[in-house]
Ligand SMILES: N[C@@H]1[C@@H](O)[C@H](O)[C@@H](COP(=O)(O)O)O[C@@H]1O
């Protein structure tokens, strides 16, 4: 089932944080899937606040990153492991050995991908996966053309994605690595709950294809239509091309208050 929620960005971040908090309070050892990019930042801010002010604990939780660049030096601030440490893990005192990612510096990259898949399996699978979406419809770094059944592997980034991410690399597209490791669409789909956040009109076409397009490798996020529990959190801009927006609003407005995401 896919649920679409259209609300102001602050409310979306609170809703996603509520889902994480509810999970952690019920299952302190839960496995959380962590996304990079701008989209989840407000969620991480809210989780950090709840950790500091309300005692929300990540001490027993496991974290699994979605993706990583290949070859960025260990200390590079844009290495996703460092981004995740700075944006969430360090702020909530999450023990570093409980936050896992595919190793973009490994000599043997396929072996690193397999080890990461094994770590997810050993943790019993991901309970809740946070996601953003690229303007070309990627989730993780599963670019258009990705197999809907793919597992963690090496991918080449599209020019579009490298241009989109150049803002994190001094606006210099040549500094954006051409390759990455990413959870596959099959890996992501195995998570028990998918929570995707998208804000801004530049995401509107990708969001329309995700929610209302045909399920197709051309718009990789559309694989979420096959998921039994997917939540899509959108602001007005990101929702601006949805054909059934009024229906989604009505369904959410009439939702029983006891029902979470
Ligand atoms: N690899 C990441 C994705 O995991 C992210 O969801 C997406 C959107 O990024 P943003 O949230 O900054 O728009 O692109 C990045 O390249």
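Bear in mind that the values in this text are calculations on the coordinates, not laboratory data. Only a predicted model underlies this, so the values are computations on that prediction, with no experimental measurement involved. All Cβ positions, glycine included, derive from the backbone under ideal geometry; neighbour counts span all protein chains shown.
Structure above, values below:
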| item | result |
| --- | --- |
| Cα convex hull volume per residue for segment 61-151 (Å³) | 121 Å³ |
| Cα radius of gyration and Dmax for segment 71-117 (Å) | 11.4, 32 |
| Virtual spin-label span in nm between residue 97 and residue 259, 7 Å along Cα→Cβ | 4.3 nm |
| Antiparallel %, DSSP beta bridges [both residues in the chain], to 5 | 30 percent |
| Neighbour-count order for 180, 113, fewest beta carbons within 10 angstrom listed first | 113, 180 |
| Average silhouette area of the chain, convex hull of alpha-carbon atoms, in square nanometres | 12.9 nm² |
| Gyration tensor verdict on segment 208-260 (Cα atoms; rounded if a/c is under 1.5, prolate if a/b is larger than b/c, oblate otherwise) | oblate |
| For 158, 187, 199, order by how many other beta-carbon atoms lie within 10 Å, fewest first | 158, 199, 187 |
| FRET efficiency, residue 250 to residue 202 (Cβ-Cβ, R0 22 Å, nearest 0.05) | 0.25 |
| Linear extension gain, residue 59 paired with residue 90, 0.36 nm per residue minus alpha-carbon span | 10.0 nm |
| Helical contribution to [θ] at 222 nm, DSSP H n ≥ 4, -39,500 (n - 2.57), averaged over the chain, rounded to 500 | -9000 deg cm²/dmol |
| Cα-projected label distance for residue 10 with residue 147, points at 7 Å along beta-carbon direction, nm | 4.6 nm |
| Segment 150-246 shape via C-alpha gyration tensor axes, a/c threshold 1.5 | oblate |
| Virtual spin-label span in nm between residue 163 and residue 27, 7 Å along Cα→Cβ | 4.1 nm |
| Footprinting exposure proxy for 255, 155, 203 (fewest neighbouring C-beta atoms within 10 Å first) | 255, 155, 203 |
| Candidates 83, 195, 232, ranked by Gaussian network fluctuation over the chain, Cα under 10 Å, top entry | 83 |
| Full-stretch length increase - residue 52, residue 106 - with 0.36 nm per residue and alpha-carbon distance subtracted | 15.9 nm |
